[in-house]
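Enquirer: Supplied in structure tokens, the structure appears directly below.
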Amino acid sequence: MSEQIEGRNAVLEAFRSGRCVDKLFILDGCQDGPVRTIAREARKKDTIINYVSKERLDNLSETGAHQGVIAQVAAYEYSSVEEILAKAREKGEPPFLFILDNIEDPHNLGAIIRTANLAGAHGVIIPKRHAAGLTAIVAKTSAGALNYTPVAKVTNLARTIEDLKKEGIWFVCADMGGETMYRLNLTGPIGLVVGNEGEGVSRLIREKCDFTAAIPMKGDIDSLNASVAAGVLAYEIVRQRLNA
């Protein structure tokens, strides 16, 4: 599937045919009829709309004929949080979820989805804003894991964590200031929260977590790539689940 659709008719048809549009870019100040119609369809689907300059659109454009609108379309369908929990129930396993706080690099997102699959996680949850969507790059980097590991996109990550806590799930976030991961009990229903490379897990999301886990660092630099950190913590969870 194409991950980017350009031009007014093509973008409008994408919305009306039910395609999952991750982001919509519209020329700032453009208010003619067709563009207003596209924006109205986007709001119906709760799609993020970005009003940007012509220069930004030109830079994004792959065809050179964007007509003031570009849609970035998911290469895969999103699941729901309930479908992810249902997958855990079907397997008779305590839920094991990955929650990604503002992972914007599609290569990192794909790598984390791949790790989630191999670690036996039941699904991945990402926010609608400030995050990579399920583009073709993500699909390729996941090495096929997107075919098996459901990904849910939610409007409010903090509220989703609160709702999942009511289902009995505990949350651990990766944070350098936390307790060394080997000293924590990471068994049972668990959500692993991973933040982006620059800022880590945001303060609001960190405060929603039940505990924080630090990965021991012995080198001369102070942080791991987000996908590597996710893998290290995920496999400590796997180790503890196997021994539980």
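The values are calculated or read from the model by the stated rules, or taken from the named source; none is laboratory data. Note that the structure is predicted; figures quoted are calculated from it, not measured. Because the Cβ atoms are built from the backbone with ideal geometry, glycine has one as well, and the counts that use them run over all protein chains shown. For accessibility, only protein heavy atoms count, side chains too; no ligands or nucleic acids. Shrake-Rupley method; radii C 1.70, N 1.55, O 1.52, S 1.80 Å.
Enquirer: On the basis of being surrounded by fewer than 19 Cβ atoms within 10 Å (Cβ to Cβ) and in contact with a Cys (Cβ under 8 Å, 6 or more places away or on another chain), does Y78 make the cut?
Expert: Considered against the rule, which asks whether it is surrounded by fewer than 19 Cβ atoms within 10 Å (Cβ to Cβ) and in contact with a Cys (Cβ under 8 Å, 6 or more places away or on another chain), Y78 comes out as yes.
Enquirer: Here is a list of conditions, (1) in contact (Cβ under 8 Å) with a residue 60 or more places away in the chain; (2) of a type outside the set (F, W, Y); (3) surrounded by 12 or more Cβ atoms within 10 Å (Cβ to Cβ); (4) closer than 21 Å to H130 by Cα, and D46 meets all of them except one; can you say which number that is?
Expert: Exception for D46: condition (3).
Enquirer: Consider V73 carefully, then state whether it is β-branched (V, I, T), over 24 Å from E197 (Cα atoms) and either in contact (Cβ under 8 Å) with a residue 24 or more places away in the chain or surrounded by fewer than 19 Cβ atoms within 10 Å (Cβ to Cβ) (or both).
Expert: So V73 fits the description; yes.
Enquirer: Among the residues of segment 1-27, which ones are open to solvent by less than 20 Å² (accessible area, probe 1.4 Å), part of a helix (DSSP H, G or I) and either farther than 18 Å from L134 by Cα or aliphatic (A, V, I, L, M) (or both)?
Expert: Passing the criteria: V11, A14.
Enquirer: Of all residues in segment 150-208, which are among the small types (G, A, S) and over 25 Å from A74 (Cβ atoms)?
Expert: G168, A174, G177, G178, G188, G200
Enquirer: Something else about it: Mind checking which strands (runs of 3 or more DSSP E) fall wholly inside segment 28-107 and carry at least 2 residues that are of a type in the set (A, V, I, L, M), more than 25 Å from G18 (Cβ to Cβ) and touching a strand residue (DSSP E or B) at 6+ places or on another chain (Cβ under 8 Å)?
Expert: Of the strands (runs of 3 or more DSSP E) lying wholly inside segment 28-107, those with at least 2 residues that are of a type in the set (A, V, I, L, M), more than 25 Å from G18 (Cβ to Cβ) and touching a strand residue (DSSP E or B) at 6+ places or on another chain (Cβ under 8 Å) span 96-101.
Enquirer: If you don't mind, there's one more thing I want to ask. Out of A88, A116, A145, A121, I need the residue that is open to solvent by less than 10 Å² (accessible area, probe 1.4 Å) and touching a His at 6+ places or on another chain (Cβ under 6 Å). Which one?
Expert: A88
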